[in-house]
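Engineer: Let me begin by handing over the structure; questions about it come next.
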Amino acid sequence: MISKRFVIKRLLLLVPVLFGVATFVFAILHLSPGDPARVIAGQRASEEFVRQIRTELGLNDPIWVQYGRFLFEAVQLDFGQSYQIQRGQPVTEVLRYKLPVTLEMAIYGQLFGILLGIPAGLLGAVKQDAVSDHVTRIGALTGISVPIYWSGPLVILLFAQVLGWFPASGRIASEFSIEPITGVITFDTLISGNFAAFQSAAMHLLLPSLVIGIYSMALISRMMRSSMLEVIRQDYMRTARAKGQGSKITVMKHGFQNALIPVVTVIGIQFGSLLGGAVLTETVFGIAGIGTLLVRAIQVGDYPIVQGTVLTFAFLFTMVNLLVDITYSYLDPRIEQ
Amino acid sequence: MASDSADESSPTLRDYAMLIGRALALGAVLAGVAVPLVVLSGESVRFASEKVFAVAALVFGFSILGWSGSVFAGRGIENFQRYIGGRSDWSEADSRRAMMVLGSVGAGGMVGASLTTAVVGAVV
Amino acid sequence: MSTQTETEDVGDRGVVERLRASPFLSQLLSNRLAVAGLAIIFGMLAIGLYARLFIDLQSVTTSQIGTNPNVAPPSWLGPKEAQVVTDYGTWAYPFGTDIQSRDIFRRVLYGAWIALKFGTITVAASTVLGVGLGIIAAYYGDITDNVIMRTMDVLLAFPSLLLALALVAIFGSGLWKVVIALTLVYTPRFARVVRGAALKVLEDEYIEATEALGAKDPRVLVRHILPNCLAPITVQSTLNFGLAIIDIAALSFLGFGSEAGTPEWGLMLANGVELGLLTGDWWWSFFPGLFLAITVLGFNLLGDGMRDALDPRMRETVD
């Protein structure tokens, strides 16, 4: 089972991860053509004013001094203030309200991916005949050929415009005003006991989560299928079946647990693509999370926000992989951590 | 392939230090050449210093990320390649070593860019 | 001079043998899905060329208000508003018009040209870079190989869209910059394929024979390795083509690609989502996306079929 030492060791890994990301982003911002002082001052500001801002930001110092100062401030979780999007607001403050939005959608999307992907993969492995193989294959190929920014509009048009089952965009119907506690809206509405609001929030979340989850489903089902096939072909499964130990179901159950192990580890790395997909999904569904925030920050050159957002993405990715590792050690107790 | 990496994964500490040292030196030299080159191409010393340092920092940050990523996602990557990627010669240890070398080049570049800027700045 | 011809002979024999061992083309053509993919690609190519030659770019880029009805649904559907009453039931605007009164049908056709053009450039550039890096890695081996390939692996582990966004942040926006960013994003895939194939070739004896003949020149090596990597490179390029079209359009969709007005699918989708979705004007986003998805599907079908034809064992064991 999982040891406390293992978890602490993994948490300590966050230090190099975030240090690496911070350095990476620092480099990107200094390689990009924009001038932060100009962004803050605005296009029409005088050269004099821009120069003054540059001095205030310390942009005239040698770059290694800037790098040192940047790291020193980052260690204290001070990522500066937004240049443009929410001018003057500390980046951490901006992110605090946007992060739960994305997190919520990503988690539900991931759940959809897992809950749909694993059965689909199992089905593909167990039911092996020409027809179902063919159908799975065409389905998978069509699936990867349809980008989120088209499947998103399509489901909005179908389920929101034509059928009217779900709302088209946003997070909750406008008649509800929910005081953000955690910012995770399905959680907040439940806590405050407002079930009508919860229902509205859940309905708003369903389509975007589904759209984002489909892609993770494609990978998970593929992984599940080939992993399960391998387990089925292994000798001990054959012998178990030949010896007539229990029903086919029992054998499959045992095989399933073994087959699940590699699938779980892959969920960790595909979470990154899920976050990439969140950027597109938020744009399609008009959800103001960190995905749309990142896109806007890059467009207008709001560097502190870019930094904060990318660091948040990396943090999320690392935490999900930690969770995956913990799950893994439960599934496969043979592994010594 | 397997026996190959088994031999490589147990170098002495001294070999390792030599490798890192060479990578650091390589980075420093590259940056030391790049800064004057950019200046000669007509840019200011400030500009040259900033861009060369940033490129080195990009390499440095990238490899730290790669190093820690190899540790925390190593198992996932190995499984991914086994079942989907179709290639199995990736190993966590190998990846960490490569990232260490690359990171040293980056770090060397950052130091080299800083030092050269001081020198070039004094000359120009 | 005699060395030269001899090495070529040896190289050619290798290629011929490989082709005979795996009847790639006949296998590929017996795969109905792959043939369908090929047909789609040729169809799109024809559309793209037609658009490039016969559609005036100006007429699908600039505002046509006054010339065409505004935000009209596909004309064969019937009238949605009074203003389009003259055209309904005809094929005047089969895909409708957008807020600038531009004919979406002709914009979508022109989009095929843009997608194929920039897709080709992206894939070709990353193939060249990948081939270079892969061969260098395989040839020099040891620490060079390790550093190059592990770097490629880390790059591959990044979500491609986020990595492309980071690069676009460095380079700035615009279709050409998007192409540069995506070229770097895709290079690792090719480097990996080429290195694997190159290693196999290096292990083969005929390279040893070549070296014995005194041809240790890397250029000779490239001449030997390339023909033998051609099949895996082609498969990778085909599969990657679909991805490139999706990602180029994605970055345009997010506002980093083509300039306003360009008849590019991603940008058209962005306009459709931003302005047409909530009012139910489905045709803005439906048709560009449909063409994009069909094109990508074509490349994926063909690539998938190629992979099978190249290595039928792969499907049993891996997929």
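The values are calculated or read from the model by the stated rules, or taken from the named source; none is laboratory data. Not measured: the values here are computed from a predicted model. So basically every Cβ, Gly included, is an ideal-geometry build from the backbone, and we count neighbours across all protein chains shown. Side chains are part of the model used for accessible areas, which takes the heavy atoms of the whole protein and leaves out ligands, DNA and RNA. Shrake-Rupley method; radii C 1.70, N 1.55, O 1.52, S 1.80 Å.
Engineer: Relative to the compact-globule scaling 2.2 N^0.38 Å, provide the ratio for the alpha-carbon radius of gyration of segment B:40-123.
Structural biologist: 1.50
Engineer: Here is a follow-up. Out of segment A:88-161, which trypsin sites (Lys or Arg not before Pro) are coil in DSSP terms and have no more than 13 other C-beta atoms within 10 Å?
Structural biologist: For trypsin sites (Lys or Arg not before Pro) across segment A:88-161 that sit outside H, G, I, E and B with at most 13 neighbouring Cβ atoms in 10 Å, the list reads A:LYS127.
Engineer: Then there is this: Roughly how big is the B-A contact, given as buried accessible area in Å² (both sides, 1.4 Å probe, nearest 100)?
Structural biologist: 3000 Å²
Engineer: Right, next: Is chain A rounded, prolate or oblate when judged by the Cα gyration tensor, a ≥ b ≥ c being the square roots of its eigenvalues, rounded requiring a/c under 1.5 and prolate requiring a/b larger than b/c?
Structural biologist: prolate
Engineer: Which is the longest run of chain A containing none of the GluC sites (Glu not before Pro) found in DSSP loop states (not H, G, I, E, B) with at most 13 other C-beta atoms within 10 Å?
Structural biologist: Within chain A, the longest run free of exposed GluC sites (Glu not before Pro) spans A:1-174.
Engineer: Then there is this: Cα centroid distance between segment A:110-147 and segment C:91-135, in Å?
Structural biologist: Centre-to-centre distance over Cα atoms comes out at 29 Å.
Engineer: Go through segment A:305-322 residue by residue and turn each phi into a ³J(HN,Hα) via Karplus (6.51, -1.76, 1.60, θ = phi - 60°); whole Hz please, and just put x for glycine and proline.
Structural biologist: Running phi through 6.51 cos²θ - 1.76 cosθ + 1.60 with θ = phi - 60° gives 5, 4, 4, x, 5, 5, 4, 5, 4, 5, 4, 4, 4, 5, 5, 4, 5, 5 Hz.
Engineer: Less than 14 Å Cβ to Cβ from C:ASP56, Lys/Arg counted +1 and Asp/Glu -1: what total charge do the surrounding residues give?
Structural biologist: +3
Engineer: Taking accessible area as the heavy-atom solvent-accessible surface of the protein chains with a 1.4 Å probe, which residues of segment A:257-273 lose no less than 20 Å² upon going from the isolated chain to the full protein assembly?
Structural biologist: A:PRO262, A:THR265, A:VAL266, A:ILE269, A:GLY272
Engineer: How much area per residue is accessible in the protein assembly as shown when the probe is 1.4 Å and only protein heavy atoms are counted (Å²)? Intermediate values should be presented prior to the final figure.
Structural biologist: Numbers: 35650 Å² over 780 residues.
Dividing the accessible area of the protein assembly as shown by its residue count gives 46 Å².
Engineer: While we're looking at this one, here's another question. Go ahead and estimate [θ] at 222 nm for the protein assembly as shown from helices alone: -39,500 (n - 2.57) per DSSP H run with n ≥ 4, summed, over the residue count, rounded to 500.
Structural biologist: -25500 deg cm²/dmol
Engineer: Which shape class, rounded, prolate or oblate, goes with segment A:115-157 when its Cα gyration tensor gives a ≥ b ≥ c as root eigenvalues, a/c under 1.5 marks rounded, and past that a/b bigger than b/c marks prolate?
Structural biologist: In terms of gyration-tensor shape, prolate.
Engineer: Within the protein assembly as shown, what whole-number % of the accessible surface is contributed by carbon and sulfur, with the 1.4 Å probe and all protein chains included in the calculation? The partial results should precede the final answer.
Structural biologist: Numbers: 23030 of 35650 Å².
The value for the protein assembly as shown is 65 percent carbon and sulfur by accessible area.
Engineer: While we're looking at this one, here's another question. In a shell of Cβ-Cβ distance under 14 Å around C:ALA166, excluding C:ALA166 itself, what net charge do Lys and Arg (+1) and Asp and Glu (-1) give?
Structural biologist: Residues close to C:ALA166 contribute a combined charge of 0.
Engineer: Calculate the all-directions average of the projected area of the protein assembly as shown's alpha-carbon convex hull, and give it in nm².
Structural biologist: Averaged projected area of the protein assembly as shown's Cα convex hull equals 40.8 nm².
Engineer: If you take the square roots of the eigenvalues of the alpha-carbon gyration tensor of segment A:1-68 and sort them as a ≥ b ≥ c, do you get rounded (a/c under 1.5), prolate (a/b over b/c) or oblate?
Structural biologist: prolate
Engineer: Still on this structure: Please report the buried accessible area for the interface of C with A, total over both chains, probe 1.4 Å, in Å² to the nearest 100. Don't skip to the end; give the middle numbers.
Structural biologist: Details: alone 16380 and 19020 Å², together 31890 Å².
That pair hides around 3500 Å² of surface in total.
Engineer: Hey, can you grab everything whose amide H is under 5 Å from the amide H of C:ASN68? Only 5+ residues off in sequence or another chain; H modelled, so Pro and N-termini drop out.
Structural biologist: Here the answer is none, since no amide H 5 or more places off falls under 5 Å of that of C:ASN68.
Engineer: Local charge sum around A:GLN84 (other residues, Cβ-Cβ under 9 Å, Lys/Arg +1, Asp/Glu -1)?
Structural biologist: +1
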